[in-house]
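Below is one structure; the comments refer to it alone.
Here, each number is a calculation from the coordinates, and none is a lab measurement. Please read all numbers here as calculations on a predicted model, not as lab measurements. All Cβ positions, even for glycine, are placed from backbone atoms using ideal geometry, and neighbour counts span all protein chains on display.
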Ligand SMILES: [Ca+2]
């Protein structure tokens with residue numbers, strides 16, 4: 001594999017960016033990514049829980065994607081995939097615990113900020129980073145260490161520690177605005193990577209928003225009382241059950257509730273916090289959009305809004321993510337860039353988190369490194385046909401790759417259980433088409449699941465062993481093998 005320096009040299013990034021004879025008009029780039037935020041927190045995706053005028057503005061004036069999926073539904077791996085435009089097995093960040101050697105793993109591959117910086121962009125990263133190594137490719141960076149804190153958070157600013165008073169979403173936005181204001185008078189285009197901690201657990205809203213939903217109930221998801229019948233891996237993932245894992249977060253949980261009442265109490269409590277924390281993101285996005293409006297930059301800025309992974313917001317009775325099931329797999333994606341992104345367009349073709357990097361580079365007129373496995377969704381933004389656009393997507397999840405099959409031990413009843421982690425989801429890989437999803441838990445005696453998403457959009461009935469579906473199983477297995485070869489994961 002080429003070193004990063006060699007890769008950048010090969011790309012000839014010092015050459016002027018030309019497309020044919022006309023120079024490319026280089027947009028500023030605002031890449032906004034939140035943590036664990038699902039589309040249903042946003043009015044433009046149909047939420048009626050809280051109004052979200054700024055998310056809705058991006059959807060109205062830009063493109064709203066309904067099938068944006070992540071390639072590994074976990075914080076650090078998804079962030080590494082966004083940066084490198086490549087799957088976890090290529091960039092080396094398979095789980096959240098890739099620590100000391102993460103730099104060596106990710107560094108052989110060019111990241112989009114590195115390419116943009118070489119191409120003459122001013123670059124900055126503020127907020128949640130969540131990779132073990134320090135950011136590269138940025139003129140300025142100020143990140144939350146690890147998961148970061150919601151209140152009076154520590155930051156690392158270009159390598160130096162500092163504490164900033166306030167609420168993380170507000171403070172991160174202040175950092176973004178300060179940096180943007182510093183660009184006044186410059187002629188270079190800029191790229192700002194603006195990433196929030198919210199609404200990640202422990203789901204703390206800003207104090208001014210902490211009572212927005214008092215006296216209201218958040219609707220229960222259709223799968224809230226899932227019995228996990230036909231899905232052995234889901235049945236065993238007890239740690240994902242909100243009533244088991246979230247109870248310690250809420251010492252005020254009344255002691256005299258029945259089991260179903262306790263589950264409902266915890267759901268209402270954490271879902272309200274989650275919605276209120278998301279509301280603060282919308283409000284702060286509004287501050288940045290107002291700055292762009294005031295300075296006349298809105299229409300020359302490519303704005304991409306997404307989340308690092310999806311989330312079970314009570315779906316299947318769970319919280320958290322990791323599984324390839326729909327609530328965890330799907331993320332919001334809004335893209336605003338007048339002239340290139342058709343206002344109000346709703347796009348249902350499949351896009352992946354590895355597509356953002358090539359899209360930004362292509363629209364910036366910068367070459368896309370060969371190591372990037374994603375594909376620019378520029379044609380989709382214009383609602384145009386894209387030749388051979390993907391009809392299926394490939395998913396991988398690796399954490400907890402030790403043997404979890406010792407049925408004699410249970411994480412919640414046996415204190416000697418050595419392999420307990422907060423989330424006992426076995427590694428798996430899978431393929432999703434418009435109609436079907438096949439999942440392979442290869443460490444679990446080759447346990448398979450097949451879902452017919454047309455008949456069963458909530459993925460409650462595993463039809464893998466049903467005779468009628470055997471031709472589909474065969475076709476989907478072939479497609480899974482094909483994708484593993486395409487993405488060099490064999
Ligand atoms: Ca996350």
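Listing for the model above:
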quantity	calculated
Label-reachable residues, the stretch 142-181, where backbone N falls under 17 Å from a point 7 Å from residue 295's Cα toward its Cβ	142, 172-181
Pair residue 48, residue 389: separation of 7 Å Cα→Cβ label points (nm)	3.1
Added length on full extension, which subtracts the Cα-Cα distance from 0.36 nm per residue, residue 229 to residue 490	90.8 nm
The stretch 28-71 - Debye-derived log10 I(q)/I(0), Cα point model, q = 0.22 Å⁻¹	-0.88
Full-extension gain in nm, residue 465 to residue 370, via 0.36 nm per residue minus C-alpha separation	30.2 nm
Among 320-332, 176-188, 339-351, the order from most to least packed when residues are scored by Cβ within 10 Å on average	320-332, 339-351, 176-188
Three semi-axes of the equivalent ellipsoid, the chain, Cα gyration tensor, whole Å, largest first	35, 28, 22
Using alpha-carbon coordinates, inclination of helix 168-181 to the longest axis of the chain, degrees	10
R0 of 41 Å, Cβ-Cβ distance residue 134-residue 250: FRET efficiency to nearest 0.05	0.70
Normalised contact order of the chain, rounded percent, pairs of Cα under 8 Å and 6 or more residues apart	23
Degrees separating the helix 259-294 axis from the principal Cα axis of the chain, which is the longest one	10
Value of [θ]222 nm, deg cm²/dmol, for the chain, DSSP H segments ≥ 4, -39500 (n - 2.57) each, nearest 500	-8000 deg cm²/dmol
Residue 238-residue 217 FRET efficiency (beta carbon distance; Förster radius 25 Å; 0.05 resolution)	0.45
Least to most buried among 463, 486 (fewest other Cβ within 10 Å first)	486, 463
Three-way shape call for the stretch 228-353 based on the alpha-carbon gyration tensor, with the a/c threshold at 1.5	oblate
Burial ordering of 435, 461, 375, fewest other beta-carbon atoms within 10 Å first	435, 461, 375
P(r) weight above 21 Å for the stretch 92-195, C-alpha pairs, percent	38
Burial ordering of 245, 97, fewest other beta-carbon atoms within 10 Å first	97, 245
Alpha-carbon Debye profile of the stretch 118-157, log10 I(q)/I(0) at 0.32 Å⁻¹	-1.12
Estimated FRET transfer efficiency when R0 is 56 angstrom, pair residue 455-residue 181 (beta carbons, to 0.05)	0.55
Percent of beta bridges antiparallel (DSSP, the chain, rounded to nearest 5)	55
